[in-house]
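Report on the following structure.
Values in this text are rule-based calculations from the coordinates and carry no lab data. Just so it is clear, the structure is predicted and the values come from calculations on it, not from any experiment. We place every Cβ from the backbone using ideal geometry, glycine too, and count neighbours over all the protein chains shown.
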Amino acid sequence: MGKNSVSEQTPGTGLLLPSREALLWAESDLAFVVEAGRLAEKAGYDSVWVGDSLLARPRGEPLTLLAALAAATTRVTLGTAVLLPLLRHPVSLAHVVATLDRVAEGRIILGIGPGAELPGTHAELAALGVPSDRRVSAMLSAIERCRRLWRDEEPGLELQPLPFRRGGPPIWLGGGGPRMLRTAGATFDGWLPFSPTPADYGSGLRAVREAAEGAGRAPDSVAAGVYLTVAVADDPRQAVNEMDAYMRAYYGVPAEVMARAQACHAGTLESASEWFAAYRAAGARHLVVRLARPGLSDYNETIPQILSAAHGR
């Protein structure tokens, strides 16, 4: 990896920046997102991340935001959680990511996913003229083409600039189905799932490591990330209400529905700390934390508190 990048072995904590929330509650003030990233670095986070969606759940374009964050920070790793490669032509994607990796001097991690099986996913791909069936196969094919371009191994095409790191930035695969677990272990640099419970995470990680070993890789060479959404308040009932309001605004469904598919916790900072520790005990090495805060009230002031909770302090 590049200088100061997230290590596969060292426990770390990242912040999922509010690139969608800025559209929902801050009149599309994307400078708020960049400032939150700068403050996260100052607070001691190891990484900052942005999500991706064109039409289904609109937000600022993630690779553009990471370029701004590269200029606003010096130390933190900059990641996508997760990028949807099918929204971009693979040659253009390879070019943008290579340029971004140069600008960030090797601080990029590309978390990727095929998009959820939702009407919005099909609609945004249709708007681009991209088939939405066989999304996993199409995504894997696109990423393999990016890798060939980054290694300068595609006949007739010479991509310039090449990425800061030979072969391109590390790529972490989101998803928890059997195929995604096998693929993450066999061919990717990291795994970044939603795993709704620590037990689910632990079983998934075992499958990833078994796949890595089966592919002749060291089982612990695949970075173990996890995507966690948390709402915190002094009154646990307030945190529950905030989580529900957040999920309804973000996804259009109640929190109890999202909790079946995503790791979500609503409570005090103390209970959040215990929840984070349970994922670490299940094998997670890098927590990517999303703060569920409707209206973004006191968002920046809460950033260091969440980090302390993730560190068990």
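Which whole-number percent of Cα pairs in segment 12-221 have a distance greater than 31 Å?
Roughly 18 percent, once rounded to a whole number.
What's the extension gain from ALA26 to ALA281 if we count 0.36 nm per residue and subtract their Cα-Cα distance?
88.2 nm
Take the alpha-carbon centre of segment 258-313, take the same for segment 110-155, and report the distance between them in whole Å.
Distance between centres, Cα-based: 30 Å.
If you stretched the chain out fully between GLU256 and SER137, how much longer would it get, using 0.36 nm times the residue separation minus the C-alpha to C-alpha distance?
39.7 nm
For segment 166-245 and segment 42-57, what is the separation of their Cα centres, given in Å?
When both Cα centres are located, 16 Å separates them.
About its Cα centre, how strong a charge dipole does segment 1-120 have in debye, to the nearest 20, once Lys and Arg get +1 and Asp and Glu get -1 at the Cβ?
So the dipole magnitude of segment 1-120 works out to roughly 180 debye.
Only Cα pairs within less than 10 Å get springs; with that Gaussian network setup on the chain, which residue of PRO18, PRO254, PRO193 has the largest fluctuation?
Fluctuation is largest for PRO254.
Once every DSSP H run of n ≥ 4 in the chain is given -39500 (n - 2.57) and the sum is divided by its residues, what mean residue ellipticity at 222 nm do you get, rounded to the nearest 500 deg cm²/dmol?
-14000 deg cm²/dmol
Expected output is a single nm value to one decimal: the length gained when fully extending between ARG206 and VAL91, i.e. 0.36 nm times separation in residues minus the C-alpha distance. What is it?
Here the answer is 38.0 nm.
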